[in-house]
Structures are given as C-alpha cells and as structure tokens.
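A.B. asks: Would you mind keeping the following structure in view while I ask a few things?
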Amino acid sequence: MAAIVIGAGPAGLMAAEVLAGQGITVEVFDAMASPGRKFLLAGRGGLNLTHSEPPETFIGRFGDRAATFAPLLAEFGPDQVRNWAAGLGVETFVGSSGRVFPAEMKAAPLLRAWLRRLRGLGVKFHVRHRWLGWDADGALRFATPAGEVTARGDATILALGGASWPNLGSDGVWVDLLAARGIAVAPLLPANCGFDTDWSVYFSERFAGRRLATVELSFAGRRLRGEVTLTATGIEGGAVYALSAPLRDAIATQGNATVTLDLMPDWNAARVRTALGRPRGSRSLSTFVGKALRLDAAAVALLREVLPPETVANTDALAAAIKALPLRLERPRPVAEAISTAGGVGFENLDDGLMLKSLPGVFVAGEMLDWDAPTGGYLLTGCLATGRRAGLAAAGRLTAPPASTGAT
C-alpha cells in the first residue's frame, strides 16, 4: 500500500510520519525547493510550538470551530506536541506568556530532526513538484522543472496550506482544482493580519515601523494587552492579530470597524488627568504630554493624527482619549501578507477522518481546512492535530481487512 502527501508543511509532514509509522510507503510532493519553507520562516524569530494554558481555554481559541477541534486536540494537543518534540531530541520551555518554545528557539533544528526521522521511516520527498490536479484517469498531475509527471497512490493527503505567503508555496491555487471536482471551498480570507486606517502622508512617512509597547486594544467586548506596530498604512502586531477575525468580519458587514486603544493601561484615568493638569509652562503640547506621561513620541503623534485639535487642547478630553483612543480601521491587509488564512474546505465535506466524502481516499489537513485561530502556538498545534488525524484515518483505510462478502 502506498500513500501520497501533497504539501511538506507541518500538517503534511505529520500525516507522512503517521502513515510511514504504520508501514505504509509514503511519497511527499512539494512545490518548493525544500520541505517546510513557511515553517522555517515562521520560526525565524522564535518558533512558538504551542501554548501551556488549560485545555478548555486552549480549545476556546479556535472560535466557531472549537467543538470541531476539541476531539482533535484531545488526541494531539499541547502536551502531545511537547512530547513529540522531545522525541525528536528537541526540549521545550514555557515562556513568561505561557507560550511554548524549543530550547534553542529556532525552527531549523526541529525540522532537520523531523526530516531525518521521516527519511529513516522510508519517506521519499519530491521537491519542485507543483500539483496540477488530476488527469482523466485519476492520476495526480505535477509540474516539474523537467516537465509534467503523474503519480498514483492508494490514498492521497492534501496539505497545501492556505493563501498567505504565496512565495513560500501557500498560494491557494488548489481552490480551483477542488472546485473543478465539485468541492465547495469557503473563500480564503486574511487571518492574523494587519489593518489599514489611511494615515496622513506625514504620519505614515515619519512613524511607520514604530512600536507602541504595553497598550490595550479593545473591540466587541474583548480587551487585549500587547504591542501594536504602526505601519505605513495602519496597524499590526500581536494584539491586532488576536482580534483580526472579529475585525475582519465587522468590516465585511459594516464597511469599517472602530477599535479603542488604551495607550497607558497601567495608569487609571484619574492619574492621567492629574498629570495632564500640571502647569505646562513654555513647553509645546507634544513635549509636555510626552514628559508628563512618559509617552513615546509615536504615541503622542498618534493622538495628534487621530484627534481633532480641540480635543488635543482640552485636558479632560485628551485624558479620556489616551485611555480610549478610537481608531477606525478600513480594511484588512491582503491575504498574501497575512500570517494565516481563514476559509477553505468545510468540515461538512469531510468524514471524521478528514476524508472528502465525494472523493474516497482523498484526505485534507492543515490550513486548507476552514478554521481560524490566533498566533501563539494554536495555528501550529491545529495543523499538527489535523495532519495526524488524516494520517491515521488514511492508514486505517489502507490497512483495514477487506469486507466479508458473506460467501461460503
């Protein structure tokens, strides 16, 4: 029995590991020049494997898909991810935020160990093979530097990612390939992304790239502390990413969304008002506010950018704005710039083993599925869990004894 895995990201590699561990011949095809390209880049600044928070909280991070992911994460959740990494010789630690990282922080050592394990299990890799769909006889078609080739397997795992970071292989071209086979796919949307707010040219040129550390962002009843980075067109950063799903959906239905930004979450409103009420002397308002509140110059400039002059000049109104600055967001950044993708193959198209009901023997895993989760280890854990489920289901299908015909 042989299985083909298309996509050499975390979901595809996990499916390949499970299948090969069951003694099944596995071939992995990927469009890029080497496996795990997006995985490597995502871990360049510190690979966030998973999160240490309680299971019920962790599952809740999957939003509308929490109930769907609960059994998947019960089988392969944060504890299992850490044990799996340890089995590869990669020790992990819990950071101050509760996030879990490899001791070396980097993705490359883990990926190297993982690929060694897979090759040791007999997994064969085919790089620079871009999937083109199926031919008339049902064989899988691939474009290669040497021309088109075909391949066949007894089971196929599709793990081609979403549509973010297309230069690393996740370009969403598979949407049309599945649509041609009559499989409904929810539109691919940016997730964990930045948003545009149309700064003035002066503000954009002067403050793009500046970080506002230790602020709190509020929207739709949620209040998150973190950092916000000012971009040439708007804002991004951890707190923004965590709210990207409700923000994106609100903009889609209402045309825009307004968040509130607490620039001084460690000070209460009365303390801010008292500090601003002190004599200013000959200092400019910007200098005075920066000194009195120890606000970064970018934060002071943001107040001037967003607020009308009469509000900036009024002590009470300015103090209130510092604690709840309204910021109107016009649109999410394009999906190609997003960290991840929402939308994809709906779970209603799949059985419990993540096999397409209309294409027996074809399984889907990872970011191709219609789910969304914030950064913080949830995305990677979700991809690993779905890859494992698809791999186990495919292995079970291939190794199951033939059904009895009842003949004697």
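The values are calculated or read from the model by the stated rules, or taken from the named source; none is laboratory data. Owing to the predicted nature of the structure, the values given are computational and were not obtained by experimental measurement. When we count neighbours, we look across all protein chains shown, and the Cβ atoms used for this are built from the backbone with ideal geometry, even at glycine.
A.B. asks: Please go through the stretch 273-297 and pick out each residue that is under 22 Å from residue 235 (Cα atoms) and surrounded by 19 or more Cβ atoms within 10 Å (Cβ to Cβ).
C.D. replies: Correct list: 295 only.
A.B. asks: Follow-up. Name the one entry in 171, 198 that is within 20 Å of the chain's Cα centre (by Cα) and of a type in the set (Asp, Glu).
C.D. replies: That would be 171, the only listed residue that is within 20 Å of the chain's Cα centre (by Cα) and of a type in the set (Asp, Glu).
A.B. asks: Could you please let me know if residue 269 is in contact (Cβ under 8 Å) with a residue 12 or more places away in the chain, in contact with a helix residue (DSSP H, G or I) (Cβ under 7 Å, 6 or more places away or on another chain) and surrounded by fewer than 17 Cβ atoms within 10 Å (Cβ to Cβ)?
C.D. replies: yes
A.B. asks: Condition first: closer than 24 Å to residue 394 by Cβ and either β-branched (Val, Ile, Thr) or in contact with a Ser or Thr (Cβ under 7 Å, 6 or more places away or on another chain) (or both). Now tell me which residues in the stretch 161-180 satisfy that.
C.D. replies: Of everything in the stretch 161-180, those that are closer than 24 Å to residue 394 by Cβ and either β-branched (Val, Ile, Thr) or in contact with a Ser or Thr (Cβ under 7 Å, 6 or more places away or on another chain) (or both) turn out to be 161, 162, 170, 173, 175.
A.B. asks: Right, something else. Tell me, which residue of the stretch 103-134 that is free of Cβ contacts under 8 Å to residues at least 12 places away in the same chain and basic (Lys, Arg) is nearest to residue 28 (Cα to Cα)?
C.D. replies: Going through the qualifying residues, I end up with 119.
A.B. asks: Among the residues of the stretch 290-299, is any at pLDDT 90 or above and not in a loop (DSSP other than H, G, I, E, B)?
C.D. replies: Within the stretch 290-299, one or more residues are at pLDDT 90 or above and not in a loop (DSSP other than H, G, I, E, B).
A.B. asks: Give, as residue ranges, the strands (runs of 3 or more DSSP E) completely inside the stretch 127-237 that count at least 3 residues that are under 30 Å from residue 347 (Cα atoms), at pLDDT 95 or above and not hydrophobic (A, V, I, L, M, F, W, C).
C.D. replies: Result: empty, no element qualifies.
A.B. asks: Among the residues of the stretch 310-323, is any crowded, with 18+ Cβ neighbours inside 10 Å, of a type in the set (Gly, Ala, Ser) and in contact (Cβ under 8 Å) with a residue 12 or more places away in the chain?
C.D. replies: yes
A.B. asks: Further question on the same structure: Out of the residues in the stretch 257-289 that are assigned to a loop (DSSP other than H, G, I, E, B) and modelled with pLDDT of 90 or more, which is nearest to residue 211 (Cα to Cα)?
C.D. replies: In this case the residue turns out to be 263.
A.B. asks: What residue, of 381, 386, 399, is modelled with pLDDT under 95 and β-branched (Val, Ile, Thr)?
C.D. replies: 399
A.B. asks: Output the number of the condition that residue 348 fails; it satisfies all remaining conditions of (1) farther than 30 Å from residue 3 by Cα; (2) free of Cβ contacts under 8 Å to residues at least 40 places away in the same chain.
C.D. replies: Residue 348 satisfies all of (1) farther than 30 Å from residue 3 by Cα; (2) free of Cβ contacts under 8 Å to residues at least 40 places away in the same chain except (1).
A.B. asks: In the stretch 181-210, which residue that is of a type outside the set (A, V, I, L, M, F, W, C), in contact with a Ser or Thr (Cβ under 8 Å, 6 or more places away or on another chain) and free of Cβ contacts under 8 Å to residues at least 60 places away in the same chain is nearest to residue 252 (Cα to Cα)?
C.D. replies: Checked the stretch 181-210; the qualifying residue nearest to residue 252 (Cα to Cα) is 204.
A.B. asks: Are any of the residues in the stretch 57-73 under 23 Å from residue 108 (Cα atoms) and touching a strand residue (DSSP E or B) at 6+ places or on another chain (Cβ under 9 Å)?
C.D. replies: no
A.B. asks: Find all pairs meeting these conditions: Cβ atoms under 7 angstrom apart; at least six residues apart or on different chains; first residue within the stretch 15-39 and over 18 Å from residue 150 (Cβ atoms); second residue surrounded by fewer than 21 Cβ atoms within 10 Å (Cβ to Cβ) and among the aromatic types (Phe, Trp, Tyr).
C.D. replies: Partner pairs satisfying both residue conditions: 35/125.
A.B. asks: Would you confirm whether or not the stretch 344-353 contains a residue that is in contact with a Ser or Thr (Cβ under 9 Å, 6 or more places away or on another chain), within 22 Å of residue 10 (Cα to Cα) and buried (at least 23 other Cβ atoms within 10 Å of the Cβ)?
C.D. replies: The answer is no, given that none of the residues of the stretch 344-353 is in contact with a Ser or Thr (Cβ under 9 Å, 6 or more places away or on another chain), within 22 Å of residue 10 (Cα to Cα) and buried (at least 23 other Cβ atoms within 10 Å of the Cβ).
A.B. asks: Is it the case that some residue within the stretch 347-356 is farther than 15 Å from residue 244 by Cα, modelled with pLDDT of 95 or more and not assigned by TED's automatic domain parsing to the domain that holds residue 173?
C.D. replies: No, the stretch 347-356 contains no residue that is farther than 15 Å from residue 244 by Cα, modelled with pLDDT of 95 or more and not assigned by TED's automatic domain parsing to the domain that holds residue 173.
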